[in-house]
Each structure stands twice: as C-alpha cells, then as structure tokens.
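To start, the structure under review is shown below, and the notes come after it.
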Amino acid sequence: MPVKLNDNYDLSRHVIILTGATDGIGKDMARILAGFNPKRLILPVRNKEKGNNVLEYVKSSNGHANNVEIWEMDLADLQSVKNFANKFIKEVGELHILLNNAGVMSSSQLVKTKDDFELHFQINHLAPFLLTLLLLDTMKKSVSAELPGKIAFTSSLANFYGEIDFDNLNLEKNIKYWNPIKGGYANTKLMNVIVAKELGRIVQNENIRTYSLHPGSIQTNINHLNKGFANFFIHLLVKIFEISSEQGAVNTLYPVLSSENKDTGEYYNEGIKQEPNKIANDQEITNKLWKVSEQILKDRGLI
C-alpha cells in the first residue's frame, strides 16, 4: 500500500533547502513542498534556466511559488557548495529542513569533477556531506523541540550492493562501471545511509532528526551518462518496478514530514522503515568514513 501525505501540513515556519529539484522526484518534491506554504523554499541549481523552469512548473501546478527561490550551486564544484552555504548563512540565517536529494548515476565511464574526485563520490557523498556540515550550526540555532530540524539524504536500494573500500573511495582501481547496481553509485548510496545514521547519533540531543530514503524505482535523468548494455539493463529493471515520479516524491517526503515519526537516523524504503545494508551498523567503518571525508574537506580548506 503506497504511503500518502496529508493535505494539511503547515510549513509556514519552515525554511527549507531542497537540492536536485530540476528533474525527477525533486521537481515533484518542490511542487509538493511549495503547496504547504513554506516560509522559504530555496532550490540550489547548477543550471539557472532549468531552475526557472521548475519555478514555472510550480506556478502552473499549484500557484504557490511566492516563497520559492532559485539559487546557484554546483555539487561538482565544492567551492560552489561553500559559497552557497556562506551566502545562505549571511542572507537567510535560519534553516529547518535540509533535503539532500540531488544525485548522479553513471555505470559506463569514469568521470572526474573539477575537484578531481570521481563523480559519484563527490556529487552523491562529499558535496552533500560538506553542505550539511556547513549548515548544521545554523539549523541547531533555528530549531526547537516544538519545531524540530530535519536532514534527509535521498539514497537508494542500491545501498545493499555498496562497499566501503578506504583504499579506493575515489574509484581509481577495480572500477565496476559495467555493473549497473555496483560500483560508485551503490557505494555512495551506502555512504548516504551511513552519514544519515551517524549524523542522527551526533545530533540526537539537538532537536534534529535525520533520514536516508529510497524513493522507489523511477525513470529520471539521474543516469544520463549511462550508455550501452548497462544503460539498457538499468532501464529494464526500472520499467519492471517503476512508480510515478510523484509517488517517489511522496515516498521521500513522507518520513520527513510525518509528525508521528519521532525516529532519527533510520533508512526508509518507499516511505517504510527498513534495515539497510548491515555495513551501516559497523561503527568502526562509520567513524573512519566520517573522519576521512572530513579530512578531505579540511585539506582543501572547505571546513
């Protein structure tokens, strides 16, 4: 039975950041959130034109676009992430919901970012990790027991196929791009689960709840770099289990918006709590991933 959102959520006291709003479930998440009258809904985008298209989509869908703002940020450029966070802290200064929804999947080629990191590792893990760390103090100051903060990471069922190899985080050896459900995508979707779980432990007394979420199988532009057999196989799998983009958006937002949900650090599959990859319960791996990720960012003067 698919989960459903209530029609009466009131987000008028909430400042929200949603990444990945230009395509797929993110576009529907923006529309749905805008309909709940947020104080401010900020959509960081790499492509300003696509951002404006989302704004028009929200306007034409429900008319609630007065509090929706398009800001520039490129997850493939870590300095851009820091610039966005600095601007947000200076110009907005309060945050209640952070939805790290943007992601990428490429199974057919090795792609490096401007920062010389493997594409999945940066866009799916390092960049949202950095954004979250930079905005965490702002959220702590903004929330209360009555108005708790929410931090969510859009993960994937692929987390079950992920591995954490500290000698190959940047996928410079033993690349498994031919396999559409292993390699960089699965590894970083597992990292999302691990970070959400550990962050939940760290902020458990700060009136902040964390989530990692599998929205369901949806045809989106997340795998726009895939080619050949791997791409065909992915599309075939998605077609078999496909749900609508709107339902995927609902599945992602349901655990975050539900007032009955008091849990933190949990993983949700299509809106329902589930045990993730058992690696996520390994505290030694968790601690090391957190420290290594922090050190990478510190070495570049980003935190």
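The values are calculated or read from the model by the stated rules, or taken from the named source; none is laboratory data. As the structure is a prediction and not an experimental result, all values here were calculated from the model. A quick note on method: Cβ atoms are made from the backbone with ideal geometry, for glycine too, and the neighbour counts reach across all protein chains shown.
When Ala127 is tested against (1) touching a residue at least 12 places away in the same chain (Cβ under 8 Å); (2) out of contact with any helix residue (DSSP H, G or I) (no Cβ under 8 Å at 6 or more places or on another chain), just one condition goes unmet, and that condition is (2).
Look at segment 71-90: where a residue is over 10 Å from Leu134 (Cα atoms) and a partner is surrounded by 14 or more Cβ atoms within 10 Å (Cβ to Cβ) and among the charged types (D, E, K, R), sitting 6+ places away or on another chain with Cβ atoms under 6 Å, you get Asp74/Arg46; Leu78/Asp115; Ser80/Asp74.
What do you reckon, is Glu56 surrounded by fewer than 19 Cβ atoms within 10 Å (Cβ to Cβ), without any contact (Cβ under 8 Å) to a residue 24 or more places away in the chain and outside any strand (DSSP E or B)? Before you say what the answer is, go through the steps one by one.
On the way: surrounded by fewer than 19 Cβ atoms within 10 Å (Cβ to Cβ): yes; without any contact (Cβ under 8 Å) to a residue 24 or more places away in the chain: yes; outside any strand (DSSP E or B): yes.
Taking the combined requirement at face value, the residue satisfies it.
Among the residues making up segment 140-169, those that are more than 25 Å from Val256 (Cβ to Cβ) and surrounded by fewer than 17 Cβ atoms within 10 Å (Cβ to Cβ) are Glu163, Asp165, Phe166, Asp167, Asn168.
Regarding segment 69-80, can at least one residue be identified that is assigned to a helix (DSSP H, G or I) and surrounded by fewer than 17 Cβ atoms within 10 Å (Cβ to Cβ)? Before the answer, list the steps.
Going through segment 69-80, the residues assigned to a helix (DSSP H, G or I) turn out to be 78-80.
Of the ones still in play, those that are also surrounded by fewer than 17 Cβ atoms within 10 Å (Cβ to Cβ) are 79.
Looking for residues that are assigned to a helix (DSSP H, G or I) and surrounded by fewer than 17 Cβ atoms within 10 Å (Cβ to Cβ), one finds at least one in segment 69-80, hence yes.
Among the residues of segment 8-36, those that are touching a helix residue (DSSP H, G or I) at 6+ places or on another chain (Cβ under 9 Å), part of a loop (DSSP other than H, G, I, E, B) and surrounded by fewer than 22 Cβ atoms within 10 Å (Cβ to Cβ) comprise Tyr9, Leu11, Asp23, Phe36.
Scan Leu95, Leu134, Leu119 and give me the residue that is buried (at least 23 other Cβ atoms within 10 Å of the Cβ), under 18 Å from the mean Cα position of the chain (by Cα) and touching a residue at least 40 places away in the same chain (Cβ under 8 Å). First the steps, then the outcome.
Details: Leu134 fails: buried (at least 23 other Cβ atoms within 10 Å of the Cβ); Leu119 fails: buried (at least 23 other Cβ atoms within 10 Å of the Cβ).
Residue meeting the stated conditions: Leu95.
Is it the case that segment 201-215 has a residue that's part of a helix (DSSP H, G or I) and at pLDDT 95 or above? Checked against the condition, which is being part of a helix (DSSP H, G or I) and at pLDDT 95 or above, segment 201-215 yields at least one hit.
Determine, yes or no, whether Phe166 is among the aromatic types (Phe, Trp, Tyr) and within 15 Å of Ser212 (Cα to Cα). When the stated conditions are applied, Phe166 does not pass them.
Residues checked against (1) at pLDDT 95 or above; (2) within 29 Å of Gln109 (Cα to Cα); (3) of a type in the set (Asp, Glu); (4) not in a loop (DSSP other than H, G, I, E, B):
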residue: Leu236; (1), (2), (3), (4): no, yes, no, yes
residue: Val256; (1), (2), (3), (4): yes, no, no, yes
residue: Ser259; (1), (2), (3), (4): no, no, no, no
residue: Thr286; (1), (2), (3), (4): yes, yes, no, yes
residue: Glu294; (1), (2), (3), (4): yes, yes, yes, yes
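Here Tyr268 fulfils each of the conditions (1) over 20 Å from the mean Cα position of the chain (by Cα); (2) buried (at least 20 other Cβ atoms within 10 Å of the Cβ); (3) of a type outside the set (Asp, Glu) apart from (1). Among the residues of segment 271-284, those that are closer than 22 Å to Asn187 by Cβ and either of a type in the set (Lys, Arg) or not in a helix (DSSP H, G or I) (or both) comprise Gln274, Glu275, Pro276, Asn277, Lys278, Asp282. Summed over segment 81-92, residues that are surrounded by fewer than 19 Cβ atoms within 10 Å (Cβ to Cβ) and either within 21 Å of the chain's Cα centre (by Cα) or among the aliphatic types (A, V, I, L, M) (or both) total 5. For segment 37-53, a residue qualifies if it is out of contact with any Lys or Arg (no Cβ under 8 Å at 6 or more places or on another chain) and either assigned to a helix (DSSP H, G or I) or more than 19 Å from Leu131 (Cα to Cα) (or both), and the qualifying residues are Asn37, Pro38, Lys48, Glu49, Lys50, Gly51, Asn52, Asn53.
Do you know which of the residues in segment 242-265 that are more than 27 Å from Leu130 (Cβ to Cβ) and of a type outside the set (Ser, Thr, Tyr) is nearest to the chain's Cα centre (by Cα)? Within segment 242-265, the match that is nearest to the chain's Cα centre (by Cα) is Val250. Restricting to segment 150-167, and then to whatever is free of Cβ contacts under 8 Å to residues at least 60 places away in the same chain and under 18 Å from the mean Cα position of the chain (by Cα), can you tell me which residue is farthest from Asn251 (Cα to Cα)? Among those that are free of Cβ contacts under 8 Å to residues at least 60 places away in the same chain and under 18 Å from the mean Cα position of the chain (by Cα), it is Ala158.
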